[in-house]
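The structure appears right after this line, and notes come after that.
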Amino acid sequence: MYQAPRGTADILPQEQAYWRYVEEKAARICQLYGYERIDFPAFEDAGLFHRSVGEGTDVVDKEMYTFEDRGGSHLALVPEGTASVCRAYVQHGLHNLQQPVKLYYFTSVFRYDRPQAGRYRQHHQFGYEAIGDADPALDAEVIDMAWQFYRSLGLTRLALHLNSIGCKACRPNYLTVLKEYYAKQGGQLCPDCNTRAARNTLRLLDCKKQSCQTIAAAAPKSIDFLCADCAEHFNLLQKYLGLLSIPFALNHRLVRGLDYYARTVFEIQPEEEGGQSTLGGGGRYDGLIEELGGNPTPAIGMATGMERIIINLKKYNISVPPLPGTRVFLAYLGDEARNEIIKLGSMLRQSGIEVIEAFGSKSLKGQMRHANTLGVRYAVIIGDDEVKNGTAVFRDMTSAQQETVSLARLPELLK
Ligand code: AMP
């Protein structure tokens, strides 16, 4: 028997109400903050991610699904959304539009991760990007939008972690000091951190191993090495978050896994859990558009995992509205009635009424049982007598009351 590949999942009909709920809240929040939707391909030139997410990151080095297609192109299933949005921004000359250009997306994300609860090889993200402005008020708005989005879903017990990792000008100084600090830790680092030490020193700070965490906690902090511009930017951001009454915790170990970040980085986590269950995160990536061949363009974005959100909705027993059901079930007795039902079903649907028809040779009792399990509001039953008279039995499934009505009246009654 075939199974869905490890780390992937089917989203069955009974789950869809959660997905629809989150998607609708996401689309609404985007409308409130002036974002427009963009869709991009499920695969891209693999080089795009080497260039943006960066060599030496787990996402590129260990997790990317890459393949060569039949034409010899080297492609990758998208391992995140920001690079694709920026590629589209450059490719379509969106710098010609009023800046910042605000775009949101839903995408499948593919990462060859070790599957566990809340961690999949294909998951889904809702993300948004504001490209073309460096104002820290935009950072505050992007964070506020995430915060309000979770609140609109009913998720309130959240913690916002914030950090600034500086820019091209000040980060090298910080990295030198950080490297020196880690060089002094000798053999105490885990094997992963030992290999990361030279290539991606920042990442040492967010290692999840207990022994490395103690070392990271005492490490020099990026905010102590910010240049004047970055320090001013970060101060203003904190001031604006205060104006918005959004509580945050400075977390000097928050660096995010991808290379393109600069200045602001943030993550939002359920209050009582650690970084493993992060709901969403983002940050500034002021150098990325230029790296991809565009003009120097400041930008900031955020992404959140749909599955993680739904796990939390369930955990906190947040009920979601059911999807609209089907209004009417059509039952029949005999061949003539069957013909009538086929025509009636089509006529009702064309008048905008949702219909499920009975099929096969079930008894009327069996058909009614079927209608009951579907939870439809009404049943319409046609037998030989009704065929002769051009009528139908119209049954309210909740009250079990029924009456005989003319076929012509049915659409109006059902509406
Ligand atoms: P990232 O692109 O790594 O910043 O991830 C953004 C969000 O996507 C995270 O905060 C999670 O909610 C979600 N996410 C990331 N990786 C996975 C995964 N492997 N499985 C499920 N959700 C994930």
### Query
Among ASP385, ASP259, which comes first, then next, by fewest other beta-carbon atoms within 10 Å?
ASP385, ASP259
### Query
When Rg is the radius of gyration of the Cα atoms in the chain and Rh is its Kirkwood radius, what does Rg/Rh come to?
1.12
### Task
Could you work out how far apart the two model spin labels at ASN235 and SER399 are, taking each label as a point 7 Å from the Cα in the direction of the beta carbon, and quote it in nm?
7.1
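Report the gain in length on full extension from GLN350 to GLU36: 0.36 nm times residue separation, minus Cα-Cα distance, nm rounded to one decimal. Mind showing how you got there, number by number?
Numbers: separation 314, 0.36 × 314 = 113.04 nm, distance 3.28 nm.
Here the answer is 109.8 nm.
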### Task
Could you please state, rounded to a whole Å, how far the C-alpha centre of segment 367-387 is from the C-alpha centre of segment 249-264?
60
### Query
Projected area of segment 328-414, taken from the Cα convex hull and averaged over every viewing direction, in nm²?
4.9
### Task
Compute the Cα gyration tensor for segment 224-270, then decide on rounded, prolate or oblate, letting a ≥ b ≥ c be the square roots of its eigenvalues: rounded whenever a/c is under 1.5, prolate when a/b is larger than b/c in the other cases, and oblate in all that remain.
oblate
### Summary
The FRET efficiency for ALA117 and ASN389, from their Cβ-Cβ distance with R0 = 51 Å and rounded to 0.05, is 0.30
### Message
Would segment 143-271 count as rounded, prolate or oblate if I go by the C-alpha gyration tensor, calling it rounded below 1.5 in a/c and otherwise prolate when a/b exceeds b/c, oblate otherwise?
### Response
oblate
### Task
Under 18 Å from a label point 7 Å along Cα→Cβ of ALA159: give me every residue in segment 122-144 with its amide N that close.
none
### At R0 = 60 Å, FRET efficiency that the Cβ-Cβ distance of GLN91 and THR373 yields, to 0.05
0.75
### Query
Looking only at chymotrypsin sites (Phe, Trp or Tyr not before Pro) in DSSP loops with at most 13 other Cβ atoms within 10 Å, what is the longest site-free stretch of the chain?
3-315
### Message
Testing the spin-label approximation: label points 7 Å from Cα along Cα→Cβ at ASP69 and ALA9. State their distance in nm.
### Response
3.0
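Count charges around CYS190 for me, please; just the other residues with Cβ under 13 Å from its Cβ, Lys/Arg as +1, Asp/Glu as -1.
With Lys, Arg at +1 and Asp, Glu at -1, the neighbours total +2.
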### Message
If each residue of separation counts as 0.36 nm, what is the full-extension length gain between LYS362 and GLU412 once their alpha-carbon separation is subtracted?
### Response
15.2 nm
### Query
With charges only on Cβ, +1 for K and R and -1 for D and E, what is the dipole size of the chain about its Cα centre, in debye, rounded to 20?
900
## Note on the structure
In segment 328-414, taking the dipole from +1 charges on Lys and Arg beta carbons and -1 charges on Asp and Glu beta carbons about the Cα centre, the listed residue (PRO411, SER363, THR373) farthest towards the positive end is THR373
## Note on the structure
Helix-only [θ] at 222 nm, the chain, -39500 (n - 2.57) per DSSP H run of 4+, per residue, nearest 500, equals -10500 deg cm²/dmol
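What percent does the relative contact order of the chain come to when contacts are Cα pairs within less than 8 Å and at least six residues apart?
It rounds to 16 percent for the chain.
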### Query
Among HIS161, HIS233, HIS95, what is the fewest-to-most ranking by other Cβ atoms within 10 Å?
HIS95, HIS161, HIS233
### Task
List the relative contact order of segment 328-414 as a percent without decimals, with contacts defined as Cα pairs under 8 Å and 6+ residues apart.
31
### Query
Given 0.36 nm per residue, what is the gain on full extension from ARG28 to ARG151 after removing their alpha carbon distance, in nm?
43.0 nm
### Query
So, in nm, how far is label LYS343 from label THR214 when the simple model puts each one 7 Å beyond its Cα toward the Cβ?
8.4
### Query
Which lysines does LYS314 reach when only Cα atoms under 18 Å apart count, and residues fewer than 8 places away in its own chain are ignored?
LYS25
### Query
Rounded, prolate or oblate: which one fits segment 1-146, using the alpha carbon gyration tensor with axes a ≥ b ≥ c (rounded when a/c is under 1.5, else prolate when a/b beats b/c, else oblate)?
oblate
#### Entry: Cβ charges +1 (Lys, Arg) and -1 (Asp, Glu), total dipole of segment 328-414, debye
240
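The numbers here are math on the coordinates, done by the rules we state, and not lab data. Quantities reported herein were computed from a predicted structural model and do not represent experimental measurements. When we count neighbours, we look across all protein chains shown, and the Cβ atoms used for this are built from the backbone with ideal geometry, even at glycine.
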